[in-house]
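Q: Would you mind keeping the following structure in view while I ask a few things?
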Amino acid sequence: MNYCRFFDKAAIVTEEDNLKTPNLWRLNTVHRVEELKSVIRMGPIWASGILLITAYAQQNTFSLQQAKTMNRHLTNSFQIPAGSMTVFTMVSMLSTIAFYDRLFIPFARKFTGLDRGITFLHRMGIGFVISIFATLVAGFVEMKRKKAALAHATIPISAFWLVPQYSLHGIAEAFISIGHLEFFYDQAPESMRSTATALFWTSISAGNYFSTLLVTLVHKYSAKPDGSNWLPDKNLNKGKLEYFYWLITLLQVANLIYFIFCAKMYTFKPIQVHNKGSDSDEGVELKSNVV
């Protein structure tokens, strides 16, 4: 690997090193050095998944507050609990996974020649685009909700207007999160597969922390002398929640540009191909064809 060459110094034996009991902070094997470089190489792609979780996190916060103020009745005597609106995310995600595995992959395989239909990075890219539309739609739905707001406890507009943003988030999740996890697992060294899985979960944690930070910053910098801001705690109708959704949309557009740049620069790890006609364990190392 031609990147991060300065790490190669960690595998160079000097006169100060004791080969019998080496200090692992000074001397390591070439294999361990290459493993570290592999993990670092995945870092930029790892970072690109943070904003998806930030956008996704709003379903359990502000989208939930929206649903609470809207008409959720299916019949005169039954209404959907606001917290249950995420069922549309789950349904759309499961439907997308089934469609992707059963229909899309066989169809795409005919054109790309790849077993997976498209690469991990292409799958993530599609998810990023859908996630952008999810928060963009959420902003317009919030505008419609506020226009319909009257002096009632429940705004006379159906909560099913929120279904598109919930569903789009579910579709985006099916593309990005699964692609993200598969990418880490496939590209990590075999001895570090558990570490790769941990990277996926840390991106989820980082996304939720960034969501909290973003809300805090919006509270601070959108505050007015009368104490109001974009995201009021009590009356959502007096805020500018649509601006917050569109802010996340702009951040995701920037993130998509960043991801495309990282994907273009990324070099997939070599794969080991064995000769089927030989009993030898020796293989021929080839570059992956999923670039």
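Q: For the condition out of contact with any Pro (no Cβ under 7 Å at 6 or more places or on another chain) and not in a helix (DSSP H, G or I), what is the one hit in ASP233, ASP186?
A: Values: ASP186 fails: not in a helix (DSSP H, G or I).
Residue meeting the stated conditions: ASP233.
Q: Could you please find all residues in the range 203-216 being farther than 16 Å from ASP233 by Cβ and exposed (fewer than 13 other Cβ atoms within 10 Å of the Cβ)?
A: Scanning the range 203-216 gives SER205, LEU213.
Q: Filter the range 173-202 for residues that are buried (at least 20 other Cβ atoms within 10 Å of the Cβ) and without any contact (Cβ under 8 Å) to a residue 60 or more places away in the chain and give the result.
A: GLY179
Q: For the range 229-246, which positions are surrounded by 14 or more Cβ atoms within 10 Å (Cβ to Cβ), free of Cβ contacts under 8 Å to residues at least 40 places away in the same chain and in contact with a Ser or Thr (Cβ under 9 Å, 6 or more places away or on another chain)?
A: Result: ASN229, TRP230, GLY239, LYS240.
Q: Please find, within the range 80-101, the residue that is modelled with the lowest pLDDT out of those that are among the small types (Gly, Ala, Ser) and buried (at least 18 other Cβ atoms within 10 Å of the Cβ). If you could, list the steps in order and put the result at the bottom.
A: Going residue by residue through the range 80-101, those that are among the small types (Gly, Ala, Ser) are 82-84, 92, 95, 98.
With the extra rule that they be buried (at least 18 other Cβ atoms within 10 Å of the Cβ), the set shrinks to 82, 92.
Details: ALA82: 87, SER92: 94.
Looking at residues that are among the small types (Gly, Ala, Ser) and buried (at least 18 other Cβ atoms within 10 Å of the Cβ), I get ALA82.
Q: Continuing with this model, one more query. Give the residues of the range 95-121 that are outside any helix (DSSP H, G or I) and not small (Gly, Ala, Ser), sorted by residue number.
A: Scanning the range 95-121 gives LEU114, ASP115, ARG116, ILE118, THR119.
Q: Is there a residue in the range 239-251 that is among the aliphatic types (A, V, I, L, M) and in contact with an Asp or Glu (Cβ under 8 Å, 6 or more places away or on another chain)?
A: Yes, the range 239-251 contains a residue that is among the aliphatic types (A, V, I, L, M) and in contact with an Asp or Glu (Cβ under 8 Å, 6 or more places away or on another chain).
Q: Scan the range 45-60 residue by residue and report those that are surrounded by fewer than 19 Cβ atoms within 10 Å (Cβ to Cβ) and under 21 Å from SER194 (Cβ atoms).
A: Result: ALA47, single match.
Q: Which of the following residues is closer than 15 Å to LEU51 by Cβ and surrounded by 14 or more Cβ atoms within 10 Å (Cβ to Cβ): GLY117, GLY170, GLY139, GLY127?
A: GLY127
For (1) modelled with pLDDT of 85 or more; (2) under 21 Å from the mean Cα position of the chain (by Cα), each residue gets a yes or a no:
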position: ALA149; (1), (2): no, no
position: ALA153; (1), (2): no, no
position: ILE171; (1), (2): yes, yes
position: HIS180; (1), (2): yes, yes
position: LEU217; (1), (2): yes, no
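Q: Against the conditions (1) touching a Lys or Arg at 6+ places or on another chain (Cβ under 8 Å); (2) surrounded by fewer than 14 Cβ atoms within 10 Å (Cβ to Cβ); (3) modelled with pLDDT of 90 or more; (4) not basic (Lys, Arg), where does PHE107 fall short? Just the number, please.
A: Here PHE107 clears every test but (1).
Q: Cβ-Cβ distance below 6 Å, separation of 6 or more or different chains: which pairs start in the range 78-94 with a residue that is within 16 Å of TYR56 (Cα to Cα) and in a helix (DSSP H, G or I) and end on one that is modelled with pLDDT under 90 and of a type in the set (Gly, Ala, Ser)?
A: Close Cβ pairs satisfying both conditions: MET85/ALA67.
The values are calculated or read from the model by the stated rules, or taken from the named source; none is laboratory data. No experiment lies behind these values; they were computed from the predicted model shown. Note that each Cβ is placed from the backbone with ideal geometry, even for glycine, and that neighbours are counted across all protein chains shown.
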